[in-house]
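Heads up: the structure comes next, in structure tokens.
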Protein chains: 2
Amino acid sequence: MNHPEYKRLKNLVELHILDFLPEIDSKSLTLYEAMRYSLTAGGKRLRSVLLLAACEFCGEKADIGLPYACALEYIQTYSLIHDDLPAIDNDDLRRGVPTSHKVYGEDVAILTGDGLLSAAFETMTKDMLLYLDDPDVLKRKVRAAFEISKGTGCRGMVAGQIADVESVNRQCSKEMLDYIHLNKTAAFIRSSVLAGCYLAGADKERCNAAATYGESVGLAFQIVNDLQDITGDAVMIGKNTGKDQKAKKCTYPALFGLKESGIKARELLNRARESVSMYYDEAEVFNAVIDFLEQPLG
Amino acid sequence: MNHPEYKRLKNLVELHILDFLPEIDSKSLTLYEAMRYSLTAGGKRLRSVLLLAACEFCGEKADIGLPYACALEYIQTYSLIHDDLPAIDNDDLRRGVPTSHKVYGEDVAILTGDGLLSAAFETMTKDMLLYLDDPDVLKRKVRAAFEISKGTGCRGMVAGQIADVESVNRQCSKEMLDYIHLNKTAAFIRSSVLAGCYLAGADKERCNAAATYGESVGLAFQIVNDLQDITGDAVMIGKNTGKDQKAKKCTYPALFGLKESGIKARELLNRARESVSMYYDEAEVFNAVIDFLEQPLG
């Protein structure tokens, strides 16, 4: 993601990513250190950048979304820490460095994930406290927090993760595959974009455009990710590859092959582009993300 | 906890405990089933009852606290599921039935915990959505949600859990012991009582009394719990006993012995009783909890 506008927003997130963590006691240094380790290991920061981009897309400054953008990174990071655990994906490399449980042990890794998820909601509700006497702004924040909790919870990301875990070694159907992608990945990305729109107090039309954009990009992102698991190299993408095949996971490439998967990803990215095409320059970062995801499709 | 007023509130929680879970898709039956399994396995429902009791203590109906009370049970249940995992306490019995990972496997248990924690915040923010046009009520809900996220997160329960995990096999100090108790147990119970007060829009005086009560009862509760791990029997308390000693955990009985621990618990319960003594009948459930915790102290 080398687009300068994308990088500007990504830098903003990375500059402030530790600022919204709850003040931690000196006796909880392990917890803080383990949270910091995983939060600062890099990554694309896709969800948080999209939230900030959505604020700007709706005519507000990115700053108003900053606590929520960081909360998204706390959620994304918790989900990766738990996903990498021996009982789930058993990964020892993430974002190019050893996974949390490899460094701190499984017990601390589980609790660090719990801490990050809790920190996300503490950050969002703490931010709300600052606007108790500004009902209009408070409403926007409540809507954004609900949208995020929905997209990442039992009818979003967590539902998708469970379905993903259950799909291993089972017959994979198109229906199940769509369910996993829609929930495990697209719901969270859609929520990130929508939350940005809500924070900016956008009208329905823009929210609808952003929702279609987020969902399409989210689905395409998962397919591109699964393609890279087959064709990519571990050093470049920062994690071990070939794992889905070994684990017999239900993925697009597994069900439809590489070529067909590439076509599907392109279709989704076209749909995403279409959904925000009437906004031209206002959707610059949104379009940069589409371009980035298209690159590995050749 | 046989006091009729306690039982009335407990029944209210148990009657509605599944009602606030997000609507779950038929493809997520495993997740729903695993959440239901742990949520309906019984337990004292101490935190949720205290939240409802606090609403009544402050002159409101218990009903106004119901979504938040159920959210507390989602959080409490998630923390038990994760705590029981092989990598942490490795327990196979909880509330008299096999633990989540024993029934559903470690992967599903980890994700079910994540789902329950997410569900807690989805429940609270969804409830806020109903009051977007009632700024005074909305404020109360935001305050309660922040209080709960603080008490259960990185400067509350999760911090205490990490310290607890780290204390195993190490030299145990009074300072570390107090830190663990204050965070692992007391912070959550204190938050539960305070959240009830906030939801009811209580004045500062009542909030302060409730905070002192919650913290004292929370600390006493942990000591009584640790005493029962030594003197209790597994069938009666629904989980395996003698585990703390085997794991060389940092507990009051381990550091000060049974007698001294009993005295400390009594002191804390007296402080709790004192803190709400001026409210007489309005503190009936609060006092019932104190009486209940005093019983095993003989």
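The values are calculated or read from the model by the stated rules, or taken from the named source; none is laboratory data. These numbers were taken from a predicted model, which means no experiment stands behind them. Positions of Cβ are generated from backbone atoms using ideal geometry, with glycine treated the same way; all protein chains shown enter the neighbour counts.
Quick notes on this structure:
- For A:L52, the requirement of being in contact with a Ser or Thr (Cβ under 6 Å, 6 or more places away or on another chain) and buried (at least 24 other Cβ atoms within 10 Å of the Cβ) is not met.
- Extreme residue, farthest from the other protein chains (Cβ to nearest Cβ), among residues of the stretch A:4-16 that are of a type in the set (A, V, I, L, M) and surrounded by 21 or more Cβ atoms within 10 Å (Cβ to Cβ): A:L9
- Lone qualifier among B:F121, B:F146 - being farther than 15 Å from B:P22 by Cα and at pLDDT 95 or above: B:F146
- Some residue of the stretch B:146-153 being in a helix (DSSP H, G or I), touching a Pro at 6+ places or on another chain (Cβ under 8 Å) and farther than 19 Å from B:C58 by Cα: yes
- Pairs meeting the criteria (first residue in the stretch A:29-40 and more than 10 Å from chain B (Cβ to nearest Cβ) and surrounded by 15 or more Cβ atoms within 10 Å (Cβ to Cβ), second residue aliphatic (A, V, I, L, M) and part of a helix (DSSP H, G or I), beta carbons under 7 Å, at least 6 apart or on different chains) are A:Y37/A:V103; A:S38/A:I81.
- Criterion applied to A:L194, A:L182, A:L177 was being within 19 Å of A:M157 (Cβ to Cβ) and more than 18 Å from the chain's Cα centre (by Cα), and the one residue passing it is A:L177.
- Number of positions in the stretch B:140-189 that are of a type in the set (D, E, K, R) and in contact with a Leu (Cβ under 9 Å, 6 or more places away or on another chain): 6
- Residue match in the stretch A:69-79 (condition: under 20 Å from A:R206 (Cα atoms) and either of a type in the set (F, W, Y) or part of a helix (DSSP H, G or I) (or both)): yes
- Residues of the stretch B:160-176 satisfying the condition of being surrounded by fewer than 23 Cβ atoms within 10 Å (Cβ to Cβ), among the charged types (D, E, K, R) and more than 9 Å from every other protein chain (Cβ to nearest Cβ): B:R170, B:K174
- The set of residues in the stretch B:1-18 that are at pLDDT 95 or above, out of contact with any Cys (no Cβ under 7 Å at 6 or more places or on another chain) and part of a loop (DSSP other than H, G, I, E, B) comprises B:H3, B:L18.
- Considering A:M128, A:M124, the condition of being outside any loop (DSSP other than H, G, I, E, B) and in contact with a Pro (Cβ under 8 Å, 6 or more places away or on another chain) is satisfied by A:M124 alone.
- Reported count of residues in the stretch B:141-159, each being more than 7 Å from every other protein chain (Cβ to nearest Cβ) and either closer than 11 Å to A:G115 by Cβ or more than 21 Å from the chain's Cα centre (by Cα) (or both), is 2.
- Beta carbons closer than 6 Å, at least 6 apart along the sequence or on distinct chains, pair a first residue in the stretch B:102-114 that is touching a residue at least 40 places away in the same chain (Cβ under 8 Å) and within 7 Å of another protein chain (Cβ to nearest Cβ) with a second that is buried (at least 24 other Cβ atoms within 10 Å of the Cβ) and not β-branched (V, I, T) for B:V108/B:A34; B:L111/A:Q161.
- Qualifying residue in the stretch B:118-131 (condition: more than 13 Å from every other protein chain (Cβ to nearest Cβ), closer than 28 Å to A:T123 by Cβ and of a type in the set (A, V, I, L, M)): no
- When B:A87 is tested against (1) closer than 25 Å to A:E122 by Cα; (2) in a loop (DSSP other than H, G, I, E, B), just one condition goes unmet, and that condition is (1).
- Test for B:G218: is it in contact (Cβ under 8 Å) with a residue 24 or more places away in the chain and in contact with a Ser or Thr (Cβ under 9 Å, 6 or more places away or on another chain): yes
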